[in-house]
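Presented below is the structure to which this report refers.
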Amino acid sequence: MVYLLLWFLWVGSSVMLPAFPFVAMMACLSSSVLVLWPRARHRLRPLVYLMGPLAIGFTLIHGGLFARLIGSSSTGARPLWALGLWLRILSVVSVSQIYLECFPPRRIVKSLLDGPIPSGVAYLIASPLLLSEHIGRRIGEIREAQLSRGVRVNGSVRERLSSLSALVFPLVLGLLNDLPARSTALDMKGFGRPGEGKRRGTSGFAEGETCAKGPVVSVEELVFRPSRGEAPIVEVSALSLRSGEWLLVEGGNGSGKSTLAAVLAGAVPEHRGGELEGRAFVVGKDVRAYGCLDFSDEVQWVQQLPGLSMSGCCYSVWDEVSFGPKNLYLPEDEVHRRAGEAIDLIGITHLTERNPSELSGGEAQKVALASAIAMYPRLLILDEAFSRIASSDVPVIAGRIRKWSLENGCSVMVLERDGSAMRELCDLNGVLEGGKLVLGKSAPSLNSRSRSFPVSPAKGDVLLGLREVAFSWRPGERSLFDSVGGAICRGDRIALVGPNGAGKSTLMRLCAGLLSPGSGSIELDGLEIGAMDPELRASRVGFLFQDAERQIFHPNVADEILFSLRKDSFTDAEKKLRLKKALRETNLSGMECLHPLDLSSAERRMVAVASLAVKDLDLLLLDEPTRDFDDRWRSVFEEWLSSQRGAVLAVSHDPSFVSSFFSTVWTLKDGHLTE
């Protein structure tokens, strides 16, 4: 229903128009479309079909009985006028519902973006549908996170109303927080570029252009500040990157890696406010004079969150990868060639028909890489672009990109917390320390650090049992799992590994009772976990989502953590003691009053960890728990985890974390679970 309301807001300005001028306007517009663009009838037919039903609806309601009844301005006519207004609203909603049933949003958006309408106008018209789908997915994620923390999202009316405040905050703040990144992604894909500009050839350079002798990146005394007078976030005294060279920049959480990427991609100050000083040229252009859209055919930035690197306009992986080249006004065969080459290079041929919004984190990251490569950039910036990809796939994909970049004269800047897996591929390296780039230096490898954790205690009785579990997302689809079975005993520490898209996160959600299996059962101490009361389940099972932002509901750290204790019978003094202990264990002391979304990615994840730490849980389900951590934060997390008495089941692509912490490893592959 949300998308219908947004649809109404889009056409709502027409509600107050008199019926007959509205009908005349619709008729004229329909005729003009069919006369002026006869070749585009098949593309614009959905819009033409919409005009007729809307015109009839407005005529029946606004031009009939109510037009005569509310002709008077007397007080008695006001209720009738209000009723007529709501009937008009109902007509728009009803007609839109029928329309969307006949013409799915996927077809509408594609018709608009591929049609003769200017891209900016087409996107504006399609934006309510795109936004409504995004909001629908986001609401589903928030509801799921609420359910994992004991909120009865499907309970009584009172319980549903009580969960609204915890729903609206993360929804609105999350959308606002994502806007700069989403705008940057569209610009990076060349969406809205005026004219045809330069057509890029098969070599990666513009037609008639050869590889420039000068550096692709040239920086001298560059300083970035959030605002005038504040301390610098990033300082680069000198940096030069020539065609085909690879530069590895390592740095911990908050060191300024993403800020440096934003500066070199032209996202400052358009998408990220701040003050730039010094000299910074990319492909011969001053970054202060050009934006991401201007750089889109020569610079590509793959952001940390793969979902925010997507266009949001496409409903298949093939369309997503080819979206950018299409915006460069390339010939259709060249667009097809580039998309196919990029998809083959990254190894995602099997995903071409999948919807990008339904991919796993690792699969989405591969699509983001392919989309950037299909643009044939001269500078490719990879901002932790391998963090979600299975460790076995990383050297293969990175090696292929290295070979491709050398053949096409593309320089690559790799930004990583721990770049040990990339050092052999890179020609240059550097470290961001306190925002200052120090070239010729490497950060200590996390994998080389010796760790010693206590082994798991002797196994107790079975805590969670999986019996012949099968699951598919839609009826009739091939099962994601086929007769999965296993047991988690008290005190167990089990790592769950497997290739991207195998269904690891889905299996974790089934174990948490957030999804129901198609067949088989999952039982916690003999009770079907999906049928348990959410509050009881949350008192025994803690779930850490892959993206910490999904499970943050409150405007400050203390309230977020204490939310986990809202149903417990502790006194206020006892709750404060638990809060203080959780903050100390997660190294968040002193951050109680800060807004969670103002924290770094590692700190946000530790807020989610602290919301589990205040409870005494029997089972911890952790989905990629160490992905956002540098060396310091990872040590804090591991110290906390080693002290937990409950059983642990964790998804991880980090071989070092798995080998040093877990006594048992489950592998999920091709729908089967093996130990």
> Name the residues in the stretch 356-394 that are within 28 Å of GLU332 (Cβ to Cβ), in contact with a Ser or Thr (Cβ under 7 Å, 6 or more places away or on another chain) and surrounded by fewer than 24 Cβ atoms within 10 Å (Cβ to Cβ), would you?
Replying inline: LEU379
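Have a look at ARG242, ARG225, ARG272, ARG279 and point out the one that is closer than 22 Å to LEU425 by Cβ, open to solvent by 10 Å² or more (accessible area, probe 1.4 Å) and not hydrophobic (A, V, I, L, M, F, W, C).
Unique residue meeting the criteria: ARG242.
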> Which of the residues that make up the stretch 516-529 are surrounded by fewer than 18 Cβ atoms within 10 Å (Cβ to Cβ) and not in a strand (DSSP E or B)?
Replying inline: SER516, GLY518, ASP525, GLY526
>> Here's a check for you: in the stretch 406-424, which residue that is within 24 Å of the chain's Cα centre (by Cα) and among the charged types (D, E, K, R) is modelled with the highest pLDDT?
In response: GLU416
> Out of GLU320, GLU334, GLU341, which single residue is open to solvent by 30 Å² or more (accessible area, probe 1.4 Å), among the acidic types (Asp, Glu) and in contact (Cβ under 8 Å) with a residue 24 or more places away in the chain?
Replying inline: GLU341
>> For the stretch 466-505, give me each residue that is farther than 14 Å from TRP666 by Cα and among the small types (Gly, Ala, Ser).
In response: ALA470, SER472, GLY476, SER479, SER483, GLY491, GLY501
> Which of the helices (runs of 4 or more DSSP H) contained wholly in the stretch 99-193 include at least 1 residues that are of a type in the set (Gly, Ala, Ser) and modelled with pLDDT of 70 or more?
Replying inline: 105-114, 119-148, 164-188
>> Which pairs turn up if I take residues in the stretch 269-297 that are within 20 Å of PRO232 (Cα to Cα) and in contact (Cβ under 8 Å) with a residue 24 or more places away in the chain and look for partners that are open to solvent by 40 Å² or more (accessible area, probe 1.4 Å) and part of a strand (DSSP E or B) with beta carbon separation below 7 Å, at least 6 apart in sequence or on another chain?
In response: GLY274/ARG225; GLU275/ARG225; GLY278/GLU220; GLY278/GLU221; ARG279/GLU220; ARG279/GLU221
> Looking at GLU592, GLU574, which is the one that is loosely packed, with under 15 Cβ neighbours inside 10 Å, farther than 26 Å from LEU510 by Cα and among the acidic types (Asp, Glu)?
Replying inline: GLU574
>> Every residue in the stretch 530-556 that is part of a loop (DSSP other than H, G, I, E, B) and among the acidic types (Asp, Glu), please.
In response: ASP533, ASP547
> With the stretch 236-320 as the region, which strands (runs of 3 or more DSSP E) entirely inside it contain at least 2 residues that are under 21 Å from ARG388 (Cβ atoms)?
Replying inline: 246-250, 299-302
> Within the stretch 605-675, which strands (runs of 3 or more DSSP E) (wholly inside it) include 3 or more residues that are open to solvent by less than 10 Å² (accessible area, probe 1.4 Å) and of a type in the set (A, V, I, L, M)?
Replying inline: 619-623, 647-651
> Just a yes or no: is a residue in the stretch 510-532 in contact (Cβ under 8 Å) with a residue 40 or more places away in the chain and under 20 Å from VAL658 (Cβ atoms)?
Replying inline: yes
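The values are calculated or read from the model by the stated rules, or taken from the named source; none is laboratory data. Keep in mind the model is a prediction, meaning the values are calculated, not measured. Here the Cβ is made from the backbone with ideal geometry for all residues, glycine too, and neighbour counts use every protein chain on show. The accessibility values were calculated without ligands, DNA or RNA, using every heavy atom of the protein model including side chains. Shrake-Rupley method; radii C 1.70, N 1.55, O 1.52, S 1.80 Å.
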